[in-house]
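What follows is one structure encoded as structure tokens, with my remarks underneath.
No value in this document is a laboratory result; all are computed from the given coordinates. Values in this document were obtained by computation on a predicted structure and should not be read as measured data. Please note: Cβ atoms are built from the backbone with ideal geometry, for glycine as well, and neighbour counts cover all protein chains shown.
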Amino acid sequence: MLYNTINDKVNFQVRGVDRPLPQISIWIESQLQAQNISLPILFGVSEEDIAQKEAEQAGNDPVVEANIVEIRRRVTRELLLQVEGQKPAQSTETAVQLRDVEIRPAFLKALEEAQEQIIIYSPWVNEQVVDDDFVSLLETLVKKGVRILIGHGIGQHEQREDRPIPPALQQRLRAIRTIEGTPGIITEWLGNSHAKEVIIDRKIHFNGSHNWLSYRGDHLPRGETVYQVTIVSEVEKAYSHLTQRFLQRAQTLWARGTEEECRRALCIDWYLGYELDALMWILHDGRYSYTSFWLTLARQAIYQGQAERLPIPLQMLIKFCCTAPNSQHPGIIELIKELKNILKLMKRKNHPVFSQFIGDNQVDLHQLGIGF
């Protein structure tokens, strides 16, 4: 059964071993139109299967579904122009439809070419797909500075997932570290979504029916369809939606309060560009022991050439030290020492923001005994 995107019509094609059988296809279509046979019986689908699929579709994320509809509309428009012999307007922004065996190679190629960030949402994750080769690829990406966030889960409650990520696999992924010793891969239950999405470097968006981390796509074709999109507005919509889901998870982890969960929460904020929020959590809640970990993430950002993210939060930390009731507290003394090391690193990397930052904060730095 084939769905024609252009004319919004379902067609049937019966094939022998190596060729189509058009007469049988025509006969089946006539029998369906005459209601002599039904689609569920023809394809061996039970009422229970249909009910389950309808229940799944009812639980689809409306934001993701709206994005898919818009992308499909754009792709259909481009295909229609080609059918009519017209040339689509030249653009570097594209939306390409991939099917079955085309999907995984395109996915792996995009992963290998990632430079900064990968976000994946896959309802299920298993060891058959996230195998040694795939984990090795992720490790290589982390070593070159790519930060990876993986969301999973389909149920409404984390503890009631029918097919949770295998604990050993979860542990293996979370054990992958950056050069600075921070988590290189964030794997978190987000739940309550059938979405299957990948966003790479905020430039490429994959969206469709393919389960990225639980299905290879190397068996018999089963009609999987994915859109590979580089249309900036569509990528940004998808990025914003997934970012908010991860940030909500970070808030949940921070509220739980265990050390491991708090560190993961801070990493999520940092890896999504919300380092100021992460610092505000620490200072607002009085969990000052996490400032050292926050500064490790700041040091990591400097090594990645992202020191421009630091002036405002570093200024906040300096003000905090200047106004601390007990400036001789061991924790404050240690924090000042770490701040000085961060500024030395910025100077050594000769980052343009360094001189401006020192000039803007000279009085407070002098109060803390930090001079350059």
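The table below gives the values:
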| read-out | value |
| --- | --- |
| Calculated FRET value between R174 and M280, using beta carbons and R₀ = 30 Å, to 0.05 | 0.75 |
| Max mean-square fluctuation residue, GNM over the chain, Cα-Cα springs under 10 Å, options H157, H329, H241 | H329 |
| Residue order, fewest to most beta carbons within 10 Å, for R147, R264, R177 | R177, R264, R147 |
| GNM top mover of D133, D285, D162 - the chain, alpha-carbon springs below 10 Å | D285 |
| Added length on full extension, which subtracts the Cα-Cα distance from 0.36 nm per residue, N126 to S38 | 28.2 nm |
| Spin-label proximity, T94 to region 202-238 - amide N less than 17 Å from point 7 Å beyond Cα toward beta carbon | 203-207, 226-235 |
| Kyte-Doolittle mean at least -0.5, axial Cα span of 24 Å or more - DSSP H helices of the chain | 62-83, 330-348 |
| Region 146-156 - phi-based ³J(HN,Hα) in whole Hz, Karplus 6.51/-1.76/1.60, Gly and Pro as x | 7, 9, 10, 10, 10, x, 8, x, 10, x, 7 |
| Interchain or long-range residues, amide H under 5 Å from I150's placed H | I120, I186, T187, E188 |
| Distance between modelled label sites at E113 and F320, nm, 7 Å Cα→Cβ extension | 4.1 |
| V14 versus N341: modelled label distance in nm, points set 7 Å from Cα along the beta carbon direction | 7.4 |
| Pairwise FRET efficiency - D364 versus V232, Cβ, R0 = 41 Å, nearest 0.05 | 0.55 |
| Computed label-point distance, nm, for sites Q328 and R348 using a 7 Å Cα→Cβ extension | 3.2 |
| Theoretical FRET efficiency, 1/(1+(r/R0)^6), r = Cβ-Cβ of Q23 and E48, R0 35 Å, to 0.05 | 0.55 |
| Cross-link pairs K203/K237; K144/K344; K109/K203 - those with Cα-Cα distance over 19 Å | K144/K344 |
